[in-house]
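Enquirer: Take this structure, written in structure tokens, and hold onto it; I'll ask about it next.
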Amino acid sequence: MCWKMAPIFKGLGISMNTSSFYFCIYYNIIIGYSLYYLVLSFQSPLPWSKCDPSWASQNCTDFGDFQLLKCKGDDFYENPNGMCYNRSDLDTPIGWWSKEKRSQNTKPILPSQDYYYNYILNRTPGLENSGEIVWKLVIALGAAWIIVFFCIFKGIKSSGKVVYFTSVFPFVVLIILGINGWTLKGSEEGMLFFFKPDFLKLTEANVWFDAAVQVFF
């Protein structure tokens, strides 16, 4: 009867279930990333705190300063452009020897960004190259689905108890991270940047787009 009153809403329930299905997959992927980073975070120092040649790009920049090569010796060549080359292969640079040249010609990339794209995702140059299966992420995603299953397999009884944890735990983590952030050097500048609005941003379309996305979620 209700569909006769408003036929335009036919299929609304199916559409909502379909969108929920895709959102579950999307959020479980994020949970998989979080679980994997949680395991990695038990290392000291954190693997993404410094540029590692095994996954870092040429523009990778550690906190505080650039990682420069000591381009000295008969086997190396100091190019005036600031890059260091191996004399056996003058077409492929192996790094930077000049901080000034690097600052002028390239945009520094944080090690955490390189670590995510080059090690965690093992990202390929383009869509035409799908690359290999990243098994560590497959295992993390499988663990995320297993956790979800044990949270809801008994129905509303088990999920109701899980909510006690999921609703309180994020606030505990935020308080811990907040206290840690407030004790870091330069925290005053960060707090000032957070609480001092830049009204010119309201003229940018991306700001309104992001706000609309948050409304739908």
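The values are calculated or read from the model by the stated rules, or taken from the named source; none is laboratory data. The structure displayed is predicted, hence computed values, not measured ones. Cβ atoms come from the backbone with ideal geometry, glycine included; neighbour counts cover every protein chain shown. Each accessible area value is taken on the protein alone, full model and side chains, heavy atoms only, with ligands, DNA and RNA left out. Shrake-Rupley method; radii C 1.70, N 1.55, O 1.52, S 1.80 Å.
Enquirer: On the basis of being open to solvent by 80 Å² or more (accessible area, probe 1.4 Å) and in contact (Cβ under 8 Å) with a residue 40 or more places away in the chain, does Trp208 make the cut?
Expert: On the way: open to solvent by 80 Å² or more (accessible area, probe 1.4 Å): yes; in contact (Cβ under 8 Å) with a residue 40 or more places away in the chain: no.
Spelling it out, it is not the case that Trp208 is open to solvent by 80 Å² or more (accessible area, probe 1.4 Å) and in contact (Cβ under 8 Å) with a residue 40 or more places away in the chain.
Enquirer: Additional query: Restricting to the stretch 185-197, count the residues that are open to solvent by 100 Å² or more (accessible area, probe 1.4 Å) and among the aliphatic types (A, V, I, L, M).
Expert: Start the filter on the stretch 185-197 by keeping residues that are open to solvent by 100 Å² or more (accessible area, probe 1.4 Å), which leaves 185, 188-189, 192-196.
Going one step further and asking which of them are among the aliphatic types (A, V, I, L, M), we end up with 192.
Matching residues across the stretch 185-197 total 1.
Enquirer: Please work out which one of (1) open to solvent by 80 Å² or more (accessible area, probe 1.4 Å); (2) farther than 19 Å from Tyr26 by Cβ is the condition Ile109 fails and give its number.
Expert: The single condition Ile109 does not satisfy is (1).
Enquirer: Starting from the stretch 118-147, take each residue that is without any contact (Cβ under 8 Å) to a residue 40 or more places away in the chain and among the basic types (Lys, Arg) and list its partners that are part of a helix (DSSP H, G or I) and open to solvent by 40 Å² or more (accessible area, probe 1.4 Å), counting only C-beta distances under 8 angstrom and pairs at least six apart or across chains.
Expert: Correct list of pairs: Arg123/Tyr117.
Enquirer: Which residues, counting only those in the stretch 1-41, are of a type in the set (A, V, I, L, M) and modelled with pLDDT of 85 or more?
Expert: Within the stretch 1-41, Ile25, Ile29, Ile30, Ile31, Leu35, Leu38, Val39, Leu40 qualify.
Enquirer: Moving on to the next point. Can we say Leu127 is modelled with pLDDT of 90 or more, closer than 21 Å to Ile25 by Cβ and not hydroxyl-bearing (Ser, Thr, Tyr)?
Expert: Working: modelled with pLDDT of 90 or more: no; closer than 21 Å to Ile25 by Cβ: yes; not hydroxyl-bearing (Ser, Thr, Tyr): yes.
So Leu127 fails the test.
Residue-by-condition table, conditions (1) within 29 Å of Gly142 (Cβ to Cβ); (2) in contact with a Lys or Arg (Cβ under 7 Å, 6 or more places away or on another chain); (3) without any contact (Cβ under 8 Å) to a residue 12 or more places away in the chain:
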residue	(1), (2), (3)
Pro7	no, no, yes
Gly11	no, no, yes
Ser15	yes, no, yes
Ser19	yes, no, yes
Tyr26	yes, no, yes
Tyr36	yes, yes, no
Leu40	yes, no, yes
Gln43	yes, no, yes
Leu46	yes, no, yes
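Enquirer: Follow-up. Quick test of your reading of the structure: Phe216 fulfils all but one of (1) closer than 30 Å to Gly82 by Cβ; (2) open to solvent by 90 Å² or more (accessible area, probe 1.4 Å). Name the failing condition by number.
Expert: That leaves (1) as the condition not met.
Enquirer: Going through the stretch 148-160 one residue at a time, which ones are free of Cβ contacts under 8 Å to residues at least 24 places away in the same chain and touching a Cys at 6+ places or on another chain (Cβ under 9 Å)? Steps first, please.
Expert: Here is the first cut: in the stretch 148-160, the ones free of Cβ contacts under 8 Å to residues at least 24 places away in the same chain are 149-160.
Result: Ser158, Ser159.
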